[in-house]
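Okay, handing you the structure first.
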Amino acid sequence: MNPTRRQFLTGSAIIAAGGLTTLSLPAMASAEDVSKALADIIGDVETQSGKLTLRTPEIAENGNTVPVSVSVESDMTEDSYVESVIVVADGNPNPEVISFHFTPASGKAEASTRMRLAKTQNVTAVAKMSDGTVYIDTKNVKVTIGGCGG
Amino acid sequence: MSKPRIKVPKKASVGDVISIKTLVNHKMESGQRKDKEGNAIPRKILNKFVCEFNGVPVFSSDIDSAISSNPFIQFSARVNESGTFKFVWTDDDGSVIETQKPITVS
């Protein structure tokens, strides 16, 4: 049976409305995306706070370039060092920001960079030590102008 | 591609932990932006950075699209001998940007 004109019109209206919503709302990382990303990194290990420090500005005027730095207390010897620090932003289209991988030759487990933040959100850093322990630190960053283009 | 800007001290003492700053000119197209016609601009970023000293890995980084254009990365290295730092960035299209910096350790 051929679709009637009325059915055809309603159908295209729904499609058009659907198209508009997807266009006007850029996909943001959902809470599940973020917790899944974190779970992939952490695994089953209990996280601790302490040794890891995440530094971000409290207020970022320009979301296109937000300074971020991480440092972990560690002797950085062959026996005990920081393997990696992963930074995740829960309000960005893709939660992953950057992973730093250290070696004993790094001397200090410290690194900094500049990131884009789409809106005001929590930034989380996770540090994995060579003995398997995991440290976590979270900071809230208020973003005045989002850095996602548009 | 333009030359990366790297800051490594010229001299250090044995066992010193030095700070290294790197910056490359790169647009780091995130894949989120749209052109005038509303088409998404495909992602094109530097996704990997590796630093070696005399062939030994010192520091590396997996970079995602949330890193700002002209990516800046600062990190540390412990030096026990004179030698050369090698820095390599890998682009999404497979091309690499590579540069080296010497240091004298006494």
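Can you order the peptides B:71-77, B:38-44 by their average number of other Cβ atoms within 10 Å per residue, highest first? Please report the intermediate quantities before stating the final value.
Numbers: B:71-77: 20.9, B:38-44: 11.4.
Going from most to least packed, we get B:71-77, B:38-44.
With every protein chain kept in place and ligands, DNA and RNA left out, what is the accessible area per residue of chain B? Probe 1.4 Å, answer in Å².
Details: 5400 Å² over 106 residues.
Solvent-accessible surface per residue comes out at 51 Å².
Would you jot down the residues in region B:26-51 that end up with at least 20 Å² less accessible area in the complete protein assembly than in the chain alone, with a 1.4 Å probe?
Listed by number, the residues meeting the 20 Å² cut-off are B:Gln32, B:Arg33, B:Lys34.
Let me ask another. So what's the gap between the Cα centers of region B:1-68 and region A:71-150, to the nearest angstrom?
15 Å
On to the next question. Around B:Phe87, under 15 Å between beta carbons, what's the net of Lys plus Arg minus Asp minus Glu among the other residues?
Numbers: positive: B:Lys3, B:Arg5, B:Lys7, B:Lys21, B:Lys48, B:Lys86, B:Lys101; negative: B:Glu52, B:Asp91, B:Glu98.
Surrounding charge for B:Phe87 is +4.
With a 1.4 Å probe and all protein chains left in place, how much of the accessible area of chain B comes from carbon and sulfur atoms, in whole percent?
On the way: 2630 of 5400 Å².
Carbon and sulfur together cover 49 percent of it.
What dipole magnitude, in Debye to the nearest 20, does region B:42-84 give about its Cα centre under +1 on Lys/Arg Cβ and -1 on Asp/Glu Cβ?
Around 180 debye, computed over region B:42-84.
What net charge do the residues around B:Asp62 carry, taking every other residue with its C-beta under 9 Å from that of B:Asp62, with Lys and Arg at +1 and Asp and Glu at -1?
-1
Moving on. Determine the sum of side-chain charges near B:Ile103: Lys and Arg each +1, Asp and Glu each -1, restricted to other residues whose C-beta is under 15 angstrom from that of B:Ile103.
Working: positive: B:Lys7, B:Lys10, B:Lys11, B:Lys21, B:Arg78, B:Lys86, B:Lys101; negative: B:Asp16, B:Glu52, B:Glu81.
Combined, the nearby Lys, Arg, Asp and Glu give +4.
Would region B:28-76 count as rounded, prolate or oblate if I go by the C-alpha gyration tensor, calling it rounded below 1.5 in a/c and otherwise prolate when a/b exceeds b/c, oblate otherwise?
Numbers: a/c = 4.66, a/b = 3.32, b/c = 1.40.
Cα axes put region B:28-76 in the prolate bin.
For the interface of chains A and B, what total accessible area is buried with a 1.4 Å probe, rounded to the nearest 100 Å²? Present the calculation step by step, with values, prior to reporting the outcome.
Values: alone 9480 and 6620 Å², together 13670 Å².
About 2400 Å² of accessible surface is lost on pairing.
What is the average number of partner chain Cβ atoms found within 10 Å of a Cβ in A:93-104?
On the way: counts 5, 7, 2, 5, 5, 9, 5, 8, 8, 7, 10, 3.
For this peptide, the per-residue mean of nearby foreign Cβ atoms is 6.
So which residues in region B:9-24 end up with at least 30 square angstrom less accessible surface once the other protein chains are there, compared with the chain by itself, probe 1.4 angstrom?
Output list: B:Val17.
How large is the dipole of chain B about the Cα centre if only Lys and Arg carry +1 and Asp and Glu carry -1, each at its Cβ, rounded to the nearest 20 debye?
440 debye
Turning to a different aspect of this structure: With an 8 Å cut-off on Cα pairs and a minimum separation of 6 or more residues, tell me the relative contact order of chain B in percent.
On the way: 248 pairs, mean separation 34.8, N = 106.
Relative CO of chain B lands at 33 percent.
Counting only protein heavy atoms and using a 1.4 Å probe, what share of the accessible area of region A:75-130 belongs to carbon plus sulfur, as a whole percent? Kindly include the intermediate steps, with their values, before the conclusion.
On the way: 660 of 1800 Å².
Reported share for carbon and sulfur atoms: 37 percent.
By the gyration tensor of its Cα atoms, with a ≥ b ≥ c the square roots of the eigenvalues, what is the shape of the protein assembly as shown: rounded for a/c under 1.5, prolate for a/b over b/c, or oblate? Numbers along the way, then the final one.
On the way: a/c = 2.67, a/b = 1.87, b/c = 1.42.
Here the protein assembly as shown falls in the prolate category.
Counting only protein heavy atoms, probe 1.4 Å: which residues of region A:109-132 lose 30 Å² or more of accessible surface in the full assembly compared with their chain by itself?
The answer is A:Glu110, A:Ser112, A:Thr113, A:Arg114, A:Arg116 - residues whose exposure falls by at least 30 Å² when every protein chain is included.
Continuing with this model, one more query. By the gyration tensor of its Cα atoms, with a ≥ b ≥ c the square roots of the eigenvalues, what is the shape of chain B: rounded for a/c under 1.5, prolate for a/b over b/c, or oblate?
On the way: a/c = 3.06, a/b = 2.93, b/c = 1.04.
Verdict is prolate for chain B.
I'd like to compare B:48-54, A:42-48, A:109-115: which one has the highest average count of other Cβ atoms within 10 Å, and what's the full order after that? Could the numbers behind the result be given before it?
On the way: B:48-54: 19.4, A:42-48: 10.9, A:109-115: 23.0.
Most protected by this proxy first, the peptides run A:109-115, B:48-54, A:42-48.
Suppose every Lys and Arg Cβ carries +1 and every Asp and Glu Cβ carries -1, with no other charges. What dipole size does the protein assembly as shown come out with about its Cα centre, to the nearest 20 debye? Can you show the working numbers first?
Working: 28 positive and 29 negative charges, 266 e Å.
Roughly 1280 debye for the protein assembly as shown.
Then there's this: Enter the accessible area per residue of region A:38-150 (Å², integer; probe 1.4 Å; all protein chains in place). Provide the component values of the computation, followed by the final result.
Values: 5040 Å² over 113 residues.
Roughly 45 Å² per residue, with all protein chains present.
The values are calculated or read from the model by the stated rules, or taken from the named source; none is laboratory data. Owing to the predicted nature of the structure, the values given are computational and were not obtained by experimental measurement. No Cβ is skipped: glycine too gets one built from the backbone with ideal geometry, and neighbour counts run over all protein chains shown. Accessible surface is based on the protein model in full, side chains and every heavy atom, while ligands, DNA and RNA are left aside. Shrake-Rupley method; radii C 1.70, N 1.55, O 1.52, S 1.80 Å.
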